[in-house]
Every structure is written in structure tokens, then in C-alpha cells.
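Read through the structure below, which is laid out as C-alpha cells, and then see the notes.
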Amino acid sequence: MPVVACVAVFYAIAVPVRLEQHGALWFVHIGSDFLSAAHTSDVIRPSLGAQNTFGYDGQYYFALAADPVHARDYMGGNAGVVYSRAFYPAVSRGVSFGSVAALPYAMLVVNLLAVLAGTVAVALWFVKRGFTPWPALLYGLFPGLVVSSFRDLTEPLAFGLAAVAALAFDRTRTRRLMLSALLFAHAVLTRETIVPFALAGAAALAFDDRRRVQSDRWWSRWWRAAAFAAGTCGPLLLWRLVVTFWIDQPTQEVGHERGWILPLHGIWSWWPFDRTHWLIVVAVTLPSLAAGAGALVLIRRRRCVVPAGLLLANVLLYVVWLPRAVNIDESAASRAAVGVVLAALYCLPAWWSASRARVAVAAGALAFSIAWFLLAAALLGVSGLHDITT
């Protein structure tokens, strides 16, 4: 499939360059503060080498995969949140067969394969609906997904599993629904930002059964939706209870700065903008708000209601009320918006069917593309490609 080949070529060029320059452990982005935070582990040691002082989130997932018993000692207040996202470290540990030396390679390979699998799933989802598969490029090459892959983060595997789960989803076939629920459950255990996608599947079943099932018993119209929601989100709730008792720390990121309740406070609090925050506005915030407006149009016209609702939820959660700290740079802001892009793609056929809106839809798609991101970065004097691949 040419669209997948294009994504594969990008990573096949960019990843070996960084491997040659720095080695596989560099993708973990380990900080010296992290390595010196404790001395309880036999494998998390200063001899690993640090890339900088503070490192990045990938160091936590590396630690959890390398030494699940002692990793929490190096995470400070982040341990509960990291341990609740256990599936990516677990898969990476399994792929590396428990070898700490092989672990950085395993984490990288898992994420790259997840990006390709997610791209294939999105492309096939379009083909099944008689649509061109090329918009899947927007997913596979979205800057937020690229930076997540280059920093050993959870988003590639989480959203890759979600995309495959959405492809498997079939209201009329029980086995396909069970497979979809299983994939969503593992995606949610990889990162909780997949919960809106899982609940969208439950909502789709609820809408379908309300229309299809003729019965006076209310539960007959809701049991499939309830079972799907429980099967996809229940394991996360149970695992978080386990982590809470084990780690004795909160498993959800908490804390909001003053004024957080105001829409878009997280980005406007950086005013006056520097070049980095102008890039966030033009490449993440404005395209996401435009997509949210398009979702409202679909909901008002009662077309593609569940995907539109999913898109609107992602825009509100991960753009409109995104905290100031996540808007610190374009890498963090764009990785938070991966769900917005994936949800927007599921609305694309409905938007495109309105022929008078096709110019606006094409412009919106371009605004989410890596091409626009790199062009805007160049015009603003920001090293866009370097920032998302380092």
C-alpha cells in the first residue's frame, strides 16, 4: 500500500540517522537527575549515561520495563501515573526478553511497528468505506506521533491499538466486537487518553441497539454498550486500584494552574507568544478548533454523530483545556493532539460528502499535515524537523 510505504520511508530515513549519531539508548532521553534520584536498582545506574539534566518521559517507561520493582524509586510523584500505563513497558520488556541492553531497541521497534500498524488500520478503514487511503498519511506522519516515536513514549502503541480496534469494530459480528474490545482494553492500559475512543464504541452500540432492538425491556437496548464499556475501561480501573495500593500514589495526573477553567488558558497564558508558541497556535490549536467546529456541524445535522462527538471530546480535553505545562513547546502540544487527528480522520468521509465544503476540508487536512508544520516552523524560524526527531 503506497500510503504505508511513504510513512515507512520517512522513518527508515530519519531513525537510522539518529541511531548512527547517538545509539538506541538516546531515544529513551535519560536525565542525570533521574539516574541519581535513587540507588535501589541494579540496572538503573549512572553508568547508563544521561542525555541531559532532566530527560523526558521515555525514561520512566524504560525504568518500568527494566526494573518494575524498583523503578518507582526514581520517579518521584510520577510513579502512580507511569505504573498505570503498564502495557507499553510490558510489551517492550517481553520483546527484549528481559535484557536491559536490548530494551532500548525493543522500545523503538515496538513504537515504529505500532505507527505502521496504525497507519495500515486507518488506510483500510477508509478503503472499506470506498474512500481513498491517502489521508492515513496525516496520522502516520503527524508531528505529535513522530516526536512520540523518537522519545519512546506511549502514544504510538496506544493509538496504533486504537486504530486497529476501530477497524475491527463491527456492530453486527460478536467476535469482531470482542476483538475490538480486547484491543481497546490494551490501548487504554497503554495510555488513558484512549478512553474516549473506547466509550465512542460503546456509544455506537447504544445508538444502533436503540434503533434496531424492539423490546419493552430497557436493558435489552443497553447491555451491549454497557458490556463494551466495561470490557474496555474496566481493566484500567482495576489496574489503577492495584497500582494505588501498591505504589500509594495517585494514578491520574492532577493539579491545575490558576485560571485553568478558562478555555484555551493553557496556550494564552504564554502571551506574548514567542516563535515556539506561535507554531503551536498555527499548527495545533487553530487546526484543532476548526476540526471541533466541523464536528459541531455534523452533530447539528445528525450525521456521523458518534465520530463527531469523539472528535469534539478530544478537542475539548486535549486542546481547549490542555494545561499550560503541556503547551510548553510544540512537541508536547502536538503529541497531546494525536487523538484529535485520529478522530478527525474518522469524520473525514462525512465532511467530504458535502461537495461545497471540500475546499475547507482539504485546507483543514493540510493544516494537520507535517508539510504545514515544517513550513510554518521554517517561516517562524523554528527548527521543526529537528525538534520532532530529537
Label-to-label distance, nm, for residues given as residue 113 and residue 52 (7 Å Cα→Cβ offset): 3.0
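Rounded, prolate or oblate: which fits region 106-264, taking a ≥ b ≥ c as square roots of the Cα gyration tensor eigenvalues, rounded meaning a/c under 1.5, else prolate when a/b beats b/c? Walk me through the intermediate numbers first.
Numbers: a/c = 1.74, a/b = 1.14, b/c = 1.52.
Because a/c hits 1.5 or more and a/b fails to exceed b/c, region 106-264 counts as oblate.
As a test of the formula, what do you get for the chain when each DSSP H run with n ≥ 4 contributes -39,500 (n - 2.57) and the sum is divided by the residue count, at 222 nm and rounded to the nearest 500 deg cm²/dmol? Before the final figure, lay out each step's value.
Working: 21 runs with 245 residues, N = 390.
After summing the helix terms and dividing by the residues of the chain, the value is -19500 deg cm²/dmol.
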Förster-model FRET efficiency, 41 Å R0, residue 12 and residue 210, C-beta, rounded to 0.05: 0.30
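For region 239-390, compute the orientation-averaged projected area of the C-alpha convex hull (one quarter of its surface), in nm².
Details: hull surface 45.3 nm².
Its Cα hull, projected and averaged over all orientations, spans 11.3 nm².
Looking at the chain, I'd like the Rg to Rh ratio, where Rg is from alpha-carbon atoms and Rh is Kirkwood's inverse mean 1/r.
Rg/Rh: 0.96.
Hey, can you rank 47-58, 76-87 by average C-beta count inside 10 Å, highest first?
76-87, 47-58
Of the listed peptides 348-356, 313-321, what is their order by residue-averaged count of other C-beta atoms within 10 Å, with the highest listed first? Intermediate results must be reported in sequence, preceding the final value.
Details: 348-356: 15.3, 313-321: 21.2.
Packing order, densest peptide first, comes out as 313-321, 348-356.
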Residue 90-residue 21 pseudo-label distance in nm [points 7 Å out on the Cα-to-Cβ vector]: 3.5
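Kindly provide the trypsin sites (Lys or Arg not before Pro) of region 173-206 that DSSP labels as loop, not H, G, I, E or B, and whose Cβ sees at most 15 other Cβ atoms within 10 Å. Intermediate results must be reported in sequence, preceding the final value.
Working: sites: 173, 175, 176, 191; in loops: 173, 191.
Answer in residue order: 173.
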Residues listed by number, region 339-356, amide nitrogen under 15 Å from residue 303 label point at 7 Å toward C-beta: 346-356
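For residue 36 and residue 248, what is the calculated FRET efficiency with R₀ set at 22 Å and r taken between the beta-carbons, to the nearest 0.05?
After rounding, the FRET efficiency stands at 0.45.
Where a number appears in this text, it was derived from the coordinates with a stated rule and is not lab data. What you see is a predicted model, and the numbers here were worked out from it, not measured in a lab. Positions of Cβ are generated from backbone atoms using ideal geometry, with glycine treated the same way; all protein chains shown enter the neighbour counts.
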